[in-house]
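For reference, the structure is listed below as structure tokens.
The values are calculated or read from the model by the stated rules, or taken from the named source; none is laboratory data. Not measured: the values here are computed from a predicted model. Neighbour counts are summed over all protein chains in view; Cβ atoms, including those assigned to glycine, are modelled from backbone coordinates with ideal geometry.
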Amino acid sequence: MEKPRWQDWIRERDDPRIASTQPEALDDITVLDLSYKSFAGCYCSSLLAEFGAEVLRIEPPEGDFIRKCTPYGVLYKGEGLNYLSEGRNKFHITLNLEKPEAREMLKSLVAQADVLIETFRPGQMEAWGIGYETLKAINPRLIYASITLFGQFGPQSHSRMPGYDNVIQAMSGNQYDNGEMLPEGKTYDECPWAVPTKAGPWIGWIVAGTYMAVGILAALHWREQTGEGQALDVSAVEAYTSLEDWAAIWYQGAGVVSERFGNLSIGGWLYCFAPTRDGAVFLGGLRLEMWQAFADMLGKWDEWGAAEWKDLADFSTREEQLKWAERVFAETSQYTTEELVRMAVEYGQHGRLAPITPVVAPVCSPEATMRDPNWLDRGIFTPVQDPVYGEIIVAQAQYKLSETPIRTKWVCRPVGYDNEYIYLKYLGLGPRKLKKLKEAGII
Amino acid sequence: MAEPTWQNYKETKFSKPLPLKGIRVLEVCTLLLGPSGPGFLARLGAEVIKCEVPPMGDTLRSMAPFSYFFKDQSTSLIRPNPNKYWIGLDLHKPEGQQVFLELAAKADIVEENLRPGVMERWNVGYRQILEVNPSIIYIAKTGFGQWGQYAEENRPSNDGAAQGMSGYAWISRFPGRPPLKNRLYICDSYGALLGEVAVLAALHYRDRTGKGQYIELSQSEAIMRTMSWVWPYQQMTGKGAGPAGNRDVSICPADTFRCADDTFVAIAAPDEAEFRGLCQAMGRPELAEDPRFQDHLTRLQEEHAVEILRIIAEWVRTRTAEEIERLAEEYGFAASRVRSIQDVVENAHSRARGFLTEVDDPLLGEFLDYEFPVMMSRTSPRVRWSVRPVGFDNEYVMKYILGKSNDEIRRLYECGALGKWAQVRGRRPPPDWDGKTGLILSRE
């Protein structure tokens, strides 16, 4: 029998369509998520919940403020759209930590949990008497994960500043040198868009939450070996800074402060967005042969003397990049995006330097992305049948696993939706007791 | 503050164990999407063996800001590649493939970011590794995954392609301007980070059951996962998500403003107490009572948001960033100047925490690197050493891990399966290297 093609063989094993028939990697883990006013914490617990961890999302009785952080104030069935996407697979309970009785209930949950995630200002949990030192005594196996703006220690950890995504981005260093260059002789008043520019998505929060998920899982592995829990501390600013790749070394080695370079890349050539007749494409050719292939693809092999090129570093200085960008953009502007993308795929098959292929990719609107058959086929935008909210499209199945794939069972829950089930399951509190707790403002 | 837990954290890192001690990772990775993942694990204490095709190795070795090389090394190579062991192994050659399988048999995790099917063509793909190590955890990171139309077309990808194809760049610019490529290689670095969530979840599953598995990650899909509201918004409203410059359309007020001295400051004050504080700081306490701004959902509505941001912008234009940072602390809202890399590197708080960590590298000398940004009280991650020339640790890996004899190693060199660096910038050692320092074996 012939061996099946690799892509068919692996698809049979990791297509998200069969995910629900597979085991879950983290279904032995219970997580308490106390995040407040922080998408970092919510995102972190989502990543664990997608792998099957039982996440108890603990909110104050009025709900987490983050639910009201929604684009242009748009709500869907009373829910903000960010939270609608990130309540996934979690059980939602309420607990008023301002009340001592509620804190005792939290301790009982901690005794039965593996991980606790919190995002309060440093010192808040201690002030409530539920800081790590106290909880560790209750459950030495606990992994206690704090995500804040500045972290749990260090001179600025005493700051009372709240940590929102746009401020994280500004503090990280990654906004400063991102954005369009101010055209020569122009002012900010004339070009209010040529300023340090942040990324649109909540990437500062999300990077912090993702790092914490990695930290929690590493701590979990350590606990499997030794039985020991521990405390984890992420400063969201440091987390987002740390994805920066070369600027800190450049500054230390050469004293240069990285400044905005628009759609070109200080880090190397060929690596830019270029205009087309109907939009823009990304061009990538980080090996000399790829840059040569690109020139060849445009029919410029002889005119540009591509055969003589020796080293990409010769093209990577500021002046050379600006010079070559002008030449390249004049060419790309004559084609449509689709034409250029096809030319590159073609070149990779039949070009002079094939299989060397210059990277040419369309710059899409997220609308186009959501319609792209390639992504639909790969299950990223498969609507979730949510028991409360109906059919909802969120991004999911972002990685595909052959043994323990992730899955989205539901996208969100209203505030306190799971109080009955969870308090009965973990604390044996039935309807009558819960009613009293509710009346007392404890849940 | 949890004083006892974090006391002397920076000073006591090296008296603690590492969380991934004993985990061996084999990487065949280039540029950033590939190597960054094992780089995170290496900071957490995994033993990472980086395989490069000699003598040129990782393409990333060519990359440097405006062609500036740090001691002849690519500046870009440093952050994704600490604490690794570097071998120059030619996987085109059967002898190289054999060595790789011997290493894979002794590894826990394999990471690669080649195009689909390439590893299999080299006889070191997932199916072939399964024969020597059935419990392997294997992650392949690419632009488009292993299957589907774009994978079938064998399209190459870069970070910038993913920024374009996901819509990330589309919404990260000012309205009316062309899409803006983020200056970070965010789809590479973030894709790699997210991939490690899957790898470590798989490790937990292996700890429980002994079973390994295959993981595929597309960097475009990874970055789509971060664009939370965009997808349900498009579904619910039938409208495309658009750009908004520095304004956060989900939080109000939250924007970047120009100060009196033409520097920039980011401000956020969405919850009621924060907004009240900001209004007081502006000397406009009545704004907090204005029906247009009475609660967060009301402020978020387009005309109200535009108006309050205009009012704040006018105020900021008369102040310096320092003043506003001070007022933010005093009145309880969030604000920061837009910090440059100089501000970041010289930040006293980050240095006190050890996030900016001093590396005393045998080849590169002393410099500050970013520590893994999850501080772990019991098992502190840390950077110990930095990047190495192609094939620098061949002898160590062949001898210490595979137990090869001198003759066997010599034969591997002779057939070209093993190799070392080319005498090219980015590949060779720093110019002041003495031919010995940093080598673990064979220093003579």
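Looking across B:GLU52, B:GLU95, B:GLU102, B:GLU47, one residue alone is more than 11 Å from chain A (Cβ to nearest Cβ), more than 29 Å from A:ARG5 (Cβ to Cβ) and acidic (Asp, Glu). It is B:GLU47. Of all residues in the stretch B:364-377, those that are at the interface with chain A (Cβ under 8 Å from one of its Cβ atoms) and over 21 Å from A:GLY229 (Cα atoms) have Cβ atoms under 7 Å from Cβ atoms of residues that are acidic (Asp, Glu) and in a strand (DSSP E or B), 6 or more apart or on another chain, in B:LEU368/B:GLU358.
For the stretch B:147-173, a residue qualifies if it is small (Gly, Ala, Ser) and either more than 7 Å from chain A (Cβ to nearest Cβ) or on the phi > 0 side of the Ramachandran plot (or both), and the qualifying residues are B:GLY148, B:ALA162, B:GLY167. Residues in the stretch B:371-386 that are of a type in the set (Val, Ile, Thr) and surrounded by fewer than 24 Cβ atoms within 10 Å (Cβ to Cβ): 1 in all.
Looking at the stretch A:227-239, I want the residues that are within 7 Å of chain B (Cβ to nearest Cβ) and under 20 Å from A:ILE138 (Cβ atoms) and have a partner that is charged (D, E, K, R) and assigned to a loop (DSSP other than H, G, I, E, B) with Cβ atoms under 6 Å, at least 6 apart or on another chain. Which pairs are those? Sorted first by the residue in the stretch A:227-239, then by its partner, the pairs are A:GLU228/B:ARG378; A:GLN230/B:ARG378. Within the stretch B:22-48, restricting attention to residues that are free of Cβ contacts under 8 Å to residues at least 40 places away in the same chain and more than 18 Å from B:ASN113 (Cα to Cα), which residue is surrounded by the most Cβ atoms within 10 Å (Cβ to Cβ)? Ranking the candidates gives B:GLU47 first. A single member of A:GLY123, A:GLY129 is more than 21 Å from A:VAL415 (Cβ to Cβ), within 14 Å of chain B (Cβ to nearest Cβ) and within 29 Å of the chain's Cα centre (by Cα), and it is A:GLY123.
Going by what's in this entry, would A:GLU224 be described as buried (at least 24 other Cβ atoms within 10 Å of the Cβ), facing chain B (nearest Cβ under 8 Å), modelled with pLDDT of 95 or more and in a helix (DSSP H, G or I)? It is false that A:GLU224 is buried (at least 24 other Cβ atoms within 10 Å of the Cβ), facing chain B (nearest Cβ under 8 Å), modelled with pLDDT of 95 or more and in a helix (DSSP H, G or I).
Considering the conditions (1) away from chain B (no Cβ under 12 Å); (2) closer than 18 Å to B:ALA161 by Cα; (3) charged (D, E, K, R), A:GLU326 is excluded by exactly one of them, (2).
Does any residue of the stretch B:379-386 turn out to be of a type in the set (S, T, N, Q), in a loop (DSSP other than H, G, I, E, B) and facing chain A (nearest Cβ under 9 Å)? Yes, some residue in the stretch B:379-386 is of a type in the set (S, T, N, Q), in a loop (DSSP other than H, G, I, E, B) and facing chain A (nearest Cβ under 9 Å). Within the stretch B:402-412, the residues that satisfy the criterion of being touching a residue at least 12 places away in the same chain (Cβ under 8 Å) and buried (at least 17 other Cβ atoms within 10 Å of the Cβ) are B:ILE409, B:LEU412. The residue list B:LYS420, B:LYS399 contains one member that is outside any loop (DSSP other than H, G, I, E, B) and touching a residue at least 24 places away in the same chain (Cβ under 8 Å), which is B:LYS399.
Where helices (runs of 4 or more DSSP H) fall wholly inside the stretch B:187-285, the ranges with 3 or more residues that are under 20 Å from A:MET161 (Cβ atoms) and either touching a Phe, Trp or Tyr at 6+ places or on another chain (Cβ under 6 Å) or within 9 Å of chain A (Cβ to nearest Cβ) (or both) are B:272-281. Within the stretch A:372-384, residues that are within 14 Å of B:PRO232 (Cβ to Cβ) and within 7 Å of chain B (Cβ to nearest Cβ) have Cβ atoms under 9 Å from residues that are hydrophobic (A, V, I, L, M, F, W, C) and part of a loop (DSSP other than H, G, I, E, B) in these pairs: A:ILE380/A:ALA395; A:ILE380/A:ALA397; A:PHE381/A:ILE393; A:PHE381/A:VAL394; A:PHE381/A:ALA395, counting only partners at least 6 apart in sequence or on another chain. For A:GLY204, the requirement of being within 20 Å of the chain's Cα centre (by Cα), within 30 Å of A:LEU109 (Cβ to Cβ) and assigned to a loop (DSSP other than H, G, I, E, B) is not met. Contact map, the stretch B:249-278: first residue without any contact (Cβ under 8 Å) to a residue 24 or more places away in the chain, second residue of a type outside the set (D, E, K, R) and surrounded by fewer than 19 Cβ atoms within 10 Å (Cβ to Cβ), Cβ cut-off under 6 Å, separation 6 or more or different chains; pairs are B:ARG276/B:ALA288.
Scanning the stretch A:170-201 for residues that are touching a strand residue (DSSP E or B) at 6+ places or on another chain (Cβ under 7 Å) and in a helix (DSSP H, G or I) turns up A:ALA170, A:MET171.
Do we find that B:ARG24 is under 14 Å from the mean Cα position of the chain (by Cα), at negative phi and among the charged types (D, E, K, R) in this structure? The answer is no for B:ARG24. Of all residues in the stretch B:353-378, exactly one satisfies the criterion of being of a type in the set (Ser, Thr, Tyr) and either assigned to a loop (DSSP other than H, G, I, E, B) or at pLDDT below 95 (or both), namely B:SER377. Exactly one residue out of A:VAL328, A:VAL345 is over 30 Å from A:MET181 (Cβ atoms), assigned by TED's automatic domain parsing to the domain that holds A:GLU289 and free of Cβ contacts under 8 Å to residues at least 60 places away in the same chain, and it is A:VAL345.
Hey, among A:ASN419, A:ASN374, which residue is polar (S, T, N, Q) and closer than 22 Å to A:GLN112 by Cβ? Exactly one residue qualifies, and that residue is A:ASN419.
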